[in-house]
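Peer 1: Structure in structure tokens, see below.
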Amino acid sequence: MLANLGLLAGLVLLIIMALRGVNILIAALVSSLLVAVTNGLGISPTLLEHFPFGPLGAFSFAGKFFVLFLAGAVFGKMMASSGAAGSIASAITRGLGVKHTILITMLVCALLTYGGVVVFVVVFTMYPLGVALMREANLPKRLFCGAIALGAGTFTMTALPGTPSIHNVIAASALGTDLFAGALIGLTAAVVMFVAGMVYLERQWTKARAMGEGYAVNAQDEYMESMAPALRHGPRWQLSILPLALVLGTIILPRLLIALGLADSDTAVIGFANGEPIIWPSIALVIGAASCVLLFPDFRQKAMESMGAGANDAIMPLLNTAAVIGFGSVVTQTDGFSAFAQWVLDLPLPPLLSVFASVSVVSAIVGSGSGGLQIFMQTFAENYLAMGVAPEELHRIATLGSGGIDSLPHCGAVIAMLTIMGLKHKEAYKDIFVVTVAIPVLATLIAIGVASLV
């Protein structure tokens, strides 16, 4: 009884500390110790074995995915510092007009994240440009925040085939699939997330106008807007989009060559690309970063500085994700988690619904989609493969499931985005919840229905 109460108390403590702004590294470690003490795991084994190392250890995860995080952060920083990301955003704004500010924000964020730019860089890139858009369109800031969350944290993160997101890579690495696994399932979910998310945000904007709610400036806006002029003086958008195209093109190239009959899976390069779901997208991101230097002459003098800044930007997201995985690693050592895992597997549900339920709950516990997915792959995946679930279906449904209930109030990405934009949970979380939790859950259930029919 004490053990199970300690397990629950550890989770509640992690959520409370995250909501109160406690550093997630400290919160995860303290919560892990509470779970360890109440479950008799021992302080020394917890701090020196369960939390840092092992298949689910924090530093095991950080070591395995370090190169991918580093490459993604460096590429994103170079796109932002060169002004390329800002040029793309400005071009879309000119094309659609400020009355479509929500659509503009969502499209820019989706394009950048699908092209490999990490979420935190996308927020820092779009926010300064968005201040002027919000002011001119009189758009409530909470809806601008919701548009960023929809574009950067939903379908490009878990649904679209080929995305170099950490979620897609974790699944491919664990199951031996590629980044395009379950393409039809993913595309179905992506359409639902895109359409339903946009309908919700646009309706909320209509209601806000009717109630006289509009844009309200704060000190954070004024500071971030001061960064916008530098972003506007970037290269032409036609040139700016090439690095994104190179990243996606490099990822797609092996599959394209096979489809055209120009190569087969036994070819050395094709075999390497298909067998290295972490290294190959990392190479694609490095190619994208190198192309920024080649394509943008005015950027070359500060390329090394941006590369260093990007490397620094990679550290905290990697460590924050690793910390919640370390907490999950401690949780998986308990008898309570083993009983929970067996209970989920014994539920009278179709296998794909069971996959969705298990990965969703684990992701909710740790407040991280990538963390929950990593734990799921280590503790549940083999059971579902033994049930006859195809690896490609398991890849996509598990990835989709990890990107729903993970975005509860204690989610690190949610907290970081609200902090960057100077918002509180009570101001903006409702809209974030709808576009990153409710709609992705609905999209995953629809995708499961499609997978069952197919």
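The values are calculated or read from the model by the stated rules, or taken from the named source; none is laboratory data. Being a predicted model, the structure only gives us computed values, none of them experimental. Cβ atoms come from the backbone with ideal geometry, glycine included; neighbour counts cover every protein chain shown. These area figures cover heavy atoms from the full protein model, side chains too; ligands, DNA and RNA do not enter into them. Shrake-Rupley method; radii C 1.70, N 1.55, O 1.52, S 1.80 Å.
Peer 1: Can you confirm whether residue 348 is free of Cβ contacts under 8 Å to residues at least 40 places away in the same chain and either under 25 Å from residue 412 (Cα atoms) or surrounded by fewer than 16 Cβ atoms within 10 Å (Cβ to Cβ) (or both)?
Peer 2: So residue 348 fits the description; yes.
Peer 1: Can you tell me how many residues in the range 46-59 are at pLDDT 85 or above, open to solvent by 40 Å² or more (accessible area, probe 1.4 Å) and not aliphatic (A, V, I, L, M)?
Peer 2: Here the count works out to 3.
Peer 1: Restricting to the range 250-265, give me the number of residues that are open to solvent by 30 Å² or more (accessible area, probe 1.4 Å) and over 21 Å from the mean Cα position of the chain (by Cα).
Peer 2: Step one: filter the range 250-265 for residues open to solvent by 30 Å² or more (accessible area, probe 1.4 Å), giving 252-253, 255-262, 264-265.
Next cut, over 21 Å from the mean Cα position of the chain (by Cα) only: 253, 255-262, 264-265.
Summing the residues that are open to solvent by 30 Å² or more (accessible area, probe 1.4 Å) and over 21 Å from the mean Cα position of the chain (by Cα) in the range 250-265 gives 11.
Peer 1: Inside the range 31-45, can you point out the residues that are among the β-branched types (Val, Ile, Thr) and either open to solvent by less than 40 Å² (accessible area, probe 1.4 Å) or within 12 Å of residue 326 (Cβ to Cβ) (or both)? Break it down into steps so the answer makes sense when it comes.
Peer 2: From the range 31-45, those among the β-branched types (Val, Ile, Thr) are 35, 37-38, 43; that's our starting set.
Within the range 31-45, 35, 38 qualify.
Peer 1: Among the residues of the range 391-421, write down those that are part of a loop (DSSP other than H, G, I, E, B) and buried (at least 18 other Cβ atoms within 10 Å of the Cβ).
Peer 2: Correct list: 403, 404, 405, 406, 407, 408, 410, 411.
Peer 1: To continue, here is another question. Do we have residue 93 as within 18 Å of residue 190 (Cβ to Cβ) and open to solvent by 10 Å² or more (accessible area, probe 1.4 Å) here?
Peer 2: So residue 93 does not fit the description; no.
Peer 1: Looking at (1) within 23 Å of residue 53 (Cα to Cα); (2) outside any helix (DSSP H, G or I), which is the one condition that is false for residue 341?
Peer 2: The failed condition is (2).
This table checks each residue for (1) open to solvent by 70 Å² or more (accessible area, probe 1.4 Å); (2) without any contact (Cβ under 8 Å) to a residue 24 or more places away in the chain; (3) over 26 Å from residue 128 (Cα atoms).
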residue	(1), (2), (3)
288	no, no, no
304	yes, yes, no
311	no, no, no
327	no, no, yes
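Peer 1: Taking residue 109 as the residue in question, decide whether it is at pLDDT 90 or above, open to solvent by less than 10 Å² (accessible area, probe 1.4 Å) and part of a helix (DSSP H, G or I).
Peer 2: Numbers: at pLDDT 90 or above: no; open to solvent by less than 10 Å² (accessible area, probe 1.4 Å): yes; part of a helix (DSSP H, G or I): yes.
No.
Peer 1: Is it the case that some residue within the range 139-152 is open to solvent by 10 Å² or more (accessible area, probe 1.4 Å) and free of Cβ contacts under 8 Å to residues at least 60 places away in the same chain?
Peer 2: Checked against the condition, which is being open to solvent by 10 Å² or more (accessible area, probe 1.4 Å) and free of Cβ contacts under 8 Å to residues at least 60 places away in the same chain, the range 139-152 yields no hits at all.
Peer 1: From (1) more than 30 Å from residue 37 (Cα to Cα); (2) crowded, with 19+ Cβ neighbours inside 10 Å, pick out the condition that doesn't hold for residue 331.
Peer 2: Against the list (1) more than 30 Å from residue 37 (Cα to Cα); (2) crowded, with 19+ Cβ neighbours inside 10 Å, residue 331 comes up short only on (1).
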